[in-house]
Every structure is written in structure tokens, then in C-alpha cells.
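Single-structure report; data block below.
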């Protein structure tokens, strides 16, 4: 399902909204509807409230992970096509159903990290950053959410 290529808004809020979309898709899916991928592009924004590290895609994914709340069978990738998420060395990151639990096992509270704009630390410590290096192209931010039964 293509959700659009010009999605805008506060990254963490867009993540939570897309979590609702993914959960609704899984809930309403009929036989043969899954697996499915929700694809979107566009450039969200981040209102800086803290002194942490991270970019749009990391904030989107932290919001998505919180919105999914450990839902099984849903995985996501968000990355910037130029290879740089904000000013960091990563293009983006991935979310898995156990992202929140793995963060907790390391002593991290995802809500707290997000409140400090520190999603990079979350995904770095989990080993879930996507690091491509500079790609020498800049098309858009790219998001893919895989929804399984």
C-alpha cells in the first residue's frame, strides 16, 4: 500500500499515526491480504526539545515503536536516501516487535529518549542503525512497514 510520497508533520507523531495504520491493517486483513508493506516518503520535521542525537527517521521510528507497543509481526525501516539522517552518520534505523523490550533490557526508556530528541542513542545501542555512508543522491525519506499476520 502506497501511503504517499510527500508525507509531512512532526516525525514522532507521524510514526504513531502510521503505527495505527499498520495495526488497523493487520486487524482487518482477510485471507491472503498479508504480508503487506506500507510504503511512504516525504520529509517530516523534528521540533528540538532536548540535547540528544538523532534525525527525522530515528524520531519517526521511536514514535512508531511506541505506537506499535510490541505488536507481533510488524517490522519497519526508515531512512534518508542521501545516507544521512539529520546530522548523524546513519541513514535511518529499523524497528522490530521487540524494540521496546530490548531497549528496556539495556536500561533505556523510549519515551524518555524521545522527549530528549535522543533516538539515535536508542537505535545505536540496539545495533539497529542503518549506516550506508553518503549515497550522493537525495530523493526523499523512505519508510517501509512490513505487516505480517
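What full-extension length gain, to one decimal in nm, is calculated for residue 138 and residue 82 as 0.36 nm per residue of separation minus the Cα-Cα distance? Spell out each step's value before the answer.
Numbers: separation 56, 0.36 × 56 = 20.16 nm, distance 0.46 nm.
Full extension from residue 138 to residue 82 adds 19.7 nm.
Mean residue ellipticity at 222 nm from the helices of the chain, using -39,500 (n - 2.57) per DSSP H segment of n ≥ 4 over the full residue count, to the nearest 500 deg cm²/dmol?
Values: 5 runs with 52 residues, N = 149.
Value at 222 nm, helices only, nearest 500: -10500 deg cm²/dmol.
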> Given the Cα-Cα distance of residue 131 and residue 71 and 0.36 nm per residue of separation, how much length would full extension add, in nm?
Replying inline: 19.0 nm
> In nanometres, what is the gap between the two model label sites at residue 13 and residue 105, each 7 Å from Cα along Cα-to-Cβ?
Replying inline: 3.5 nm
>> Strictly greater than 22 Å: what percent of every Cα pair in the chain meets that?
In response: 34 percent
> Within the stretch 18-44, what residues put their amide N at less than 12 Å from the label point 7 Å along the Cα-to-Cβ vector of residue 146?
Replying inline: 35-38
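Out of the DSSP beta bridges found with both residues in the chain, what percent are antiparallel (nearest 5)? The partial results should precede the final answer.
Numbers: 19 of 22 bridges.
Looking only at bridges with both residues in the chain, the antiparallel portion is about 85 percent.
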> Quick one: if the Förster radius is 22 Å, what FRET efficiency do residue 36 and residue 5 give, using the C-beta to C-beta distance and rounding to 0.05?
Replying inline: 0.75
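No value in this document is a laboratory result; all are computed from the given coordinates. Bear in mind the structure is a predicted one, so any value in this text is a computation, not a measurement. FYI the Cβ positions are ideal-geometry reconstructions off the backbone, even for glycines, and counts take in every protein chain you see.
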